[in-house]
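This report concerns only the one structure given below.
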Amino acid sequence: MSTSPDAQDGQDAPGGPDAPSARDGRAAAPRRPWVVGVSGASGTPYAAAVLRGLLDAGQSVDLVVSRAARLTLLDETGIAFRDAHWRDDLAAWLARGADGDPAAFPAPDLSDVRHWAAGDLAAGPSSGSYPTRGMLIVPASTATAAGVALGLSKDLLQRVAGVTLKERRPLVVAVRETPLAGNTLRHLVALDDLGAVVLPVSPAFYAGATHIQDLVDFVAGRALDAVGVEHGLYRRWRGELGGGSRPPDA
């Protein structure tokens, strides 16, 4: 089994010479990240929006990008996600807007992001003793949903999802497919029975979307709502008809 490059270079570990330690009597707060899993379904801008939302909220993130997701990312954005250069590739991905603008967003702070290779079944999040807040799979392919529902661990993404369920931590499965076959619907019901939040990638228009990024951000915002992370990705319903046609600040 391989070891993540991050575990070797230590660049992802927060803290420095002045960080709290047991030696000086100061208790260091354990790092408890959200795990974001990206499967091979179309919709890499949704994953980018969720990641930006988590980082903007000051949350720690562990990232798992499946092998199929790398092909989808290359197809949808032209970005090749490489284990050895994941920071540069992730920065380019998060700076890119849903409309293809490569500089739609400012350069992200990735100091508290840890990347684990999809084939690294010895990675930290593969164990229930590794502390995490929960997991969001965005987007989730039907194959990924099926694997998680059936308890498979063909790669790190599925393994972490299974660990998240057994540890009773929040799991959001943002499935992106249409139409849905009967077996997929049964898998999604099984995930709901196991305690996961099944969140179809279904944008809404009542928030006054005027740009493709607004639709992407709505779905990302609903995913963050499901795990209780505060954000400002979309305008919330106020109980007043016609809100979607008014300016955002009205």
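The values are calculated or read from the model by the stated rules, or taken from the named source; none is laboratory data. In this text the structure is predicted, and so the values were computed from the model without any measurement. FYI the Cβ positions are ideal-geometry reconstructions off the backbone, even for glycines, and counts take in every protein chain you see. Just the protein is used for accessible areas: all its heavy atoms, side chains included, with ligands, DNA and RNA removed. Shrake-Rupley method; radii C 1.70, N 1.55, O 1.52, S 1.80 Å.
Only one residue in P200, P131 is out of contact with any strand residue (DSSP E or B) (no Cβ under 9 Å at 6 or more places or on another chain), modelled with pLDDT of 95 or more, open to solvent by 20 Å² or more (accessible area, probe 1.4 Å) and outside any helix (DSSP H, G or I), so which one is that? Answer to the check: P131.
Of the residues that make up the stretch 116-128, is at least one crowded, with 16+ Cβ neighbours inside 10 Å, in contact with a Phe, Trp or Tyr (Cβ under 8 Å, 6 or more places away or on another chain), modelled with pLDDT of 95 or more and hydroxyl-bearing (S, T, Y)? So far as the stretch 116-128 goes, no, none of its residues is crowded, with 16+ Cβ neighbours inside 10 Å, in contact with a Phe, Trp or Tyr (Cβ under 8 Å, 6 or more places away or on another chain), modelled with pLDDT of 95 or more and hydroxyl-bearing (S, T, Y).
Against the condition open to solvent by less than 20 Å² (accessible area, probe 1.4 Å) and on the phi > 0 side of the Ramachandran plot, how does G43 come out, does it pass? In short, yes. Listed by first and then second residue, the pairs linking a residue in the stretch 163-192 that is in contact (Cβ under 8 Å) with a residue 60 or more places away in the chain to a residue that is in a loop (DSSP other than H, G, I, E, B) and open to solvent by 40 Å² or more (accessible area, probe 1.4 Å), with Cβ atoms under 7 Å apart and 6 or more places separating them unless they lie on different chains, are V175/P200; R176/S42. The set of residues from the stretch 155-168 being assigned to a loop (DSSP other than H, G, I, E, B) and within 13 Å of G37 (Cβ to Cβ) comprises just one member, D155. If the condition is being over 17 Å from the mean Cα position of the chain (by Cα) and of a type in the set (V, I, T), then the stretch 150-182 contributes only T178. Which residue is farthest from D217 (Cα to Cα), if the candidates are limited to the stretch 70-126 and must be outside any helix (DSSP H, G or I) and of a type in the set (K, R)? Of everything passing the filter in the stretch 70-126, R82 is farthest from D217 (Cα to Cα). Test V50 against the criterion of being of a type in the set (A, V, I, L, M), open to solvent by less than 30 Å² (accessible area, probe 1.4 Å) and in contact with a Lys or Arg (Cβ under 9 Å, 6 or more places away or on another chain), and give yes or no. No, not satisfied.
Out of curiosity, is L224 assigned to a helix (DSSP H, G or I) and among the aliphatic types (A, V, I, L, M)? In short, yes. Considering (1) closer than 16 Å to P45 by Cβ; (2) touching a Phe, Trp or Tyr at 6+ places or on another chain (Cβ under 8 Å); (3) open to solvent by 40 Å² or more (accessible area, probe 1.4 Å), the lone condition that I212 does not fulfil carries the number (2). Put simply, of A145, A190 the only residue that is open to solvent by less than 10 Å² (accessible area, probe 1.4 Å), part of a helix (DSSP H, G or I) and of a type in the set (G, A, S) is A145. If the condition is being within 19 Å of V173 (Cβ to Cβ) and of a type in the set (D, E, K, R), then the stretch 186-216 contributes R186, D192, D193. On the given criteria, is G151 open to solvent by 30 Å² or more (accessible area, probe 1.4 Å) and not in a loop (DSSP other than H, G, I, E, B)? No; evaluated as a whole, the condition is false for this residue. Tell me whether the stretch 65-85 contains one or more residues that are open to solvent by less than 40 Å² (accessible area, probe 1.4 Å) and at positive phi. No, because not a single residue in the stretch 65-85 is open to solvent by less than 40 Å² (accessible area, probe 1.4 Å) and at positive phi.
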